[in-house]
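Reviewing the structure listed below.
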Amino acid sequence: MAGSVVQPTQERPTTISESGRRQWLYPASFKGRWLNRRTLVNALLMLLFFGLPWLEVGGHQALLLDLPHRKLAFFGLVLWPQDSYLLWLLLFSALIGIFMITAQWGRLWCGWACPQTVFMEGVFRRIENAIEGSPNKRMRRDQGPLTWDKLWRKAVKHVVFFVIAAHVANTVLCYVASSERVLEMTLQWPGDNPSWFGFMFGVQMLVYLDFAWFREQLCTIACPYGRWQSVMLDDHSLIVGYDTGRGESRGGKKQRRKAPDQAFGDCIDCGLCVQVCPTGIDIRNGLQMECINCTACMDACDGVMRKIDKPEGLIRYTSLQELGGGERKLVRLRTVGYALVLTASLSAFAYAANNRKITEVTVVRAQGQGVVQVQGDAVVNHFRAKLVNKSDKAVKIRLLPREGYVFVVPLNPWPVPAGKTATMEIFIRRKLSDFKAGGDDRPLLVFHQVTGEAGQDADGVEVGRARVPLLGPGMAARKGTGPTTPQPSAAQPAAGQAQGAAPQETP
Ligand code: SF4
Ligand code: SF4
């Protein structure tokens with residue numbers, strides 16, 4: 001298990017030298033039951049990461065942040081920009097969940113599930129050890145002159161790293177462009193899809209540079225979660241901790257031989273817990289922000305304890321409360337508070353997701369010239385209805401007639417393709433005499449989704465209603481519009497809009 005490390009200090013991160021330069025870490029290899037468990041969890045998480053894009057739920061990719069179509073598929077639930085409140089609820093729940101997990105189980109995420117740890121310890125470090133040899137050999141070779149042995153090992157390692165980074169980047173691409181599209185693109189020339197290729201290459205470079213060079217610095221310098229933990233942890237949170245009461249005073253064989261009357265603790269000061277640490281810290285200095293709870297020092301120390309016939313667990317999963325001689329409480333005000341908020345936000349998400357509208361209509365006044373026109377004895381107001389179809393099937397949406405008004409629309413019902421948004425131009429004609437007589441100047445527009453083949457089912461299901469304020473002849477005069485015949489606007493055709501369709505009136 002021999003390894004070589006730089007000496008940790010408490011004044012600055014171990015990876016930064018006194019002069020501010022990067023100090024390379026060579027964490028020693030080790031064995032142990034926690035490593036076995038982590039290897040299994042790593043394998044399952046990688047299976048999930050690489051396999052999820054190929055899994056379908058409810059006819060959609062299980063998890064897809066579909067950037068080109070601006071939608072999110074989340075295990076059968078498809079969210080559109082109009083459903084952003086659901087996304088916020090989901091993110092809020094995730095945030096509270098992280099708070100709760102950290103308060104209860106400390107940096108469980110960092111040590112067991114963070115992609116940085118999973119890939120670094122589960123993939124890249126293992127490959128490096130296999131190609132370049134043990135950490136000691138690697139360090140000696142790195143510090144020595146450039147030889148053929150050094151060159152070929154480095155070259156092979158970086159090529160393998162680059163290929164793995166490409167595979168990771170392609171998988172990330174599957175999550176934003178869909179796995180189907182990625183399969184298509186792999187059969188095409190990169191120049192045919194320059195943006196996606198650029199995105200993929202950017203991710204590949206980031207992954208490669210992170211695992212080949214930046215490494216533990218992401219945890220110790222860049223990651224904000226490491227900083228947050230200081231406010232989220234309390235004395236009862238689970239941590240990886242060194243039992244000072246049992247371990248101190250520490251002393252190696254020599255010291256113990258020199259001072260036979262001194263009462264030594266169980267720590268033989270072998271330094272293995274420091275040598276295996278991937279962030280280069282000494283856990284015996286107490287809880288530190290750089291500790292990612294990876295359990296490596298637990299395995300290393302347990303091995304030492306077994307050799308010297310002492311009980312395992314000098315470094316173990318514990319809490320500050322237990323290390324101080326107290327008892328760890330699982331149920332506390334803050335954990336109960338987090339659990340209640342999490343339950344409330346998840347319930348709100350489930351309710352909102354179950355009751356959200358698949359078809360939506362919003363009506364706004366059209367902008368620009370001709371918004372209000374006078375034609376003969378009538379005033380015409382121009383509105384635009386945005387019809388959103390979040391389903392997988394094309395639908396038709398009808399504007400229902402209303403007594404006292406004439407609605408002029410290019411086509412009624414209006415078709416909206418699956419997963420698309422369409423715009424229906426609406427002209428509302430009202431007699432001048434009706435304006436003078438007062439009455440309702442805010443007609444109610446009611447929209448139904450029709451189900452008949454030819455859209456003849458006038459009843460359908462109501463999908464939206466909006467009350468729109470009409471402007472009178474005075475406003476038309478101010479806008480300087482003369483008598484004209486209202487025509488459907490073709491200025492902003494929407495996806496799936498019927499072009500050149502004859503206007504239809506709903507008396
Ligand atoms: S101190 Fe132990 S648990 Fe913390 S990062 Fe180092 S090896 Fe992992
Ligand atoms: S591995 Fe255990 S015995 Fe060795 S220095 Fe660390 S705490 Fe002490």
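The values are calculated or read from the model by the stated rules, or taken from the named source; none is laboratory data. Bear in mind that the values here come from a model prediction, so they are computed numbers and not experimental data. Glycine gets a Cβ as well: all are built from the backbone with ideal geometry, and neighbour counts include every protein chain shown. We work out accessible area using only protein heavy atoms, side chains counted, and drop any ligands, DNA or RNA first. Shrake-Rupley method; radii C 1.70, N 1.55, O 1.52, S 1.80 Å.
For the range 312-321, a residue qualifies if it is in contact (Cβ under 8 Å) with a residue 24 or more places away in the chain and either away from ligand 1 (no atom under 15 Å from the Cβ) or touching an Asp or Glu at 6+ places or on another chain (Cβ under 6 Å) (or both), and the qualifying residues are 314, 320, 321.
Looking at 383, 349, just one residue is within 30 Å of residue 467 (Cα to Cα), away from ligand 2 (no atom under 16 Å from the Cβ), among the aromatic types (Phe, Trp, Tyr) and open to solvent by 10 Å² or more (accessible area, probe 1.4 Å), and that residue is 349. Of all residues in the range 252-264, none are open to solvent by 10 Å² or more (accessible area, probe 1.4 Å) and within 16 Å of ligand 1 (Cβ to nearest atom). Within the range 256-277, the set of residues being away from ligand 2 (no atom under 15 Å from the Cβ) and over 16 Å from residue 244 (Cβ atoms) comprises 257, 258, 259, 260, 261, 262.
Which ones in the range 278-302 are within 8 Å of ligand 2 (Cβ to nearest atom) and among the small types (Gly, Ala, Ser)? 300 - this is the single residue of the range 278-302 that is within 8 Å of ligand 2 (Cβ to nearest atom) and among the small types (Gly, Ala, Ser). Residues in the range 338-360 that are among the hydroxyl-bearing types (Ser, Thr, Tyr) and either over 27 Å from the mean Cα position of the chain (by Cα) or outside any helix (DSSP H, G or I) (or both): 1 in all. Considering each residue of the range 325-346 in turn, none proves to be in contact (Cβ under 8 Å) with a residue 24 or more places away in the chain, within 16 Å of ligand 2 (Cβ to nearest atom) and aromatic (Phe, Trp, Tyr).
Note on the range 371-414: enclosed strands (runs of 3 or more DSSP E) holding 2 or more residues that are under 25 Å from residue 358 (Cβ atoms) are 378-389, 395-399, 406-409.
Number of residues in the range 87-119 that are surrounded by fewer than 20 Cβ atoms within 10 Å (Cβ to Cβ) and in contact with a strand residue (DSSP E or B) (Cβ under 7 Å, 6 or more places away or on another chain): the value is 1. Tallying residues that are open to solvent by less than 50 Å² (accessible area, probe 1.4 Å) and modelled with pLDDT under 95 within the range 143-157 yields 1.
For the range 355-410, residues that are aromatic (Phe, Trp, Tyr) and on the phi > 0 side of the Ramachandran plot total 0. All told, residue 76 meets the bar of being among the small types (Gly, Ala, Ser) and out of contact with any helix residue (DSSP H, G or I) (no Cβ under 9 Å at 6 or more places or on another chain). The criterion of at least 1 residues that are more than 23 Å from residue 292 (Cα to Cα) is met by the following helices (runs of 4 or more DSSP H) wholly inside the range 41-139: 84-105, 125-132. Taking the range 223-248 as the range and being modelled with pLDDT of 90 or more and surrounded by fewer than 14 Cβ atoms within 10 Å (Cβ to Cβ) as the test, only 245 passes. Of the listed requirements (1) modelled with pLDDT of 95 or more; (2) surrounded by 14 or more Cβ atoms within 10 Å (Cβ to Cβ), residue 33 misses just one: (2).
Here residue 301 fulfils each of the conditions (1) more than 29 Å from the chain's Cα centre (by Cα); (2) open to solvent by less than 40 Å² (accessible area, probe 1.4 Å); (3) touching a residue at least 60 places away in the same chain (Cβ under 8 Å) apart from (3). Against the condition open to solvent by 30 Å² or more (accessible area, probe 1.4 Å) and within 16 Å of ligand 1 (Cβ to nearest atom), how does residue 218 come out, does it pass? Considered against the rule, which asks whether it is open to solvent by 30 Å² or more (accessible area, probe 1.4 Å) and within 16 Å of ligand 1 (Cβ to nearest atom), residue 218 comes out as yes.
On inspection, residue 200 does not qualify as open to solvent by less than 50 Å² (accessible area, probe 1.4 Å) and over 20 Å from the mean Cα position of the chain (by Cα).
Candidates in the range 304-325 are the residues that are open to solvent by less than 40 Å² (accessible area, probe 1.4 Å) and in contact with a strand residue (DSSP E or B) (Cβ under 8 Å, 6 or more places away or on another chain); of these, the one that is farthest from residue 32 (Cα to Cα) is 319.
The set of residues in the range 272-286 that are farther than 22 Å from residue 120 by Cβ and buried (at least 16 other Cβ atoms within 10 Å of the Cβ) contains only 284. For residue 335, state whether it is surrounded by 16 or more Cβ atoms within 10 Å (Cβ to Cβ), within 25 Å of the chain's Cα centre (by Cα) and part of a helix (DSSP H, G or I). For residue 335, the condition - surrounded by 16 or more Cβ atoms within 10 Å (Cβ to Cβ), within 25 Å of the chain's Cα centre (by Cα) and part of a helix (DSSP H, G or I) - is met. Just give me the residues in the range 200-218 being modelled with pLDDT of 95 or more and aliphatic (A, V, I, L, M), in sequence order. Those that are modelled with pLDDT of 95 or more and aliphatic (A, V, I, L, M): 200, 203, 205, 206, 207, 209, 212.
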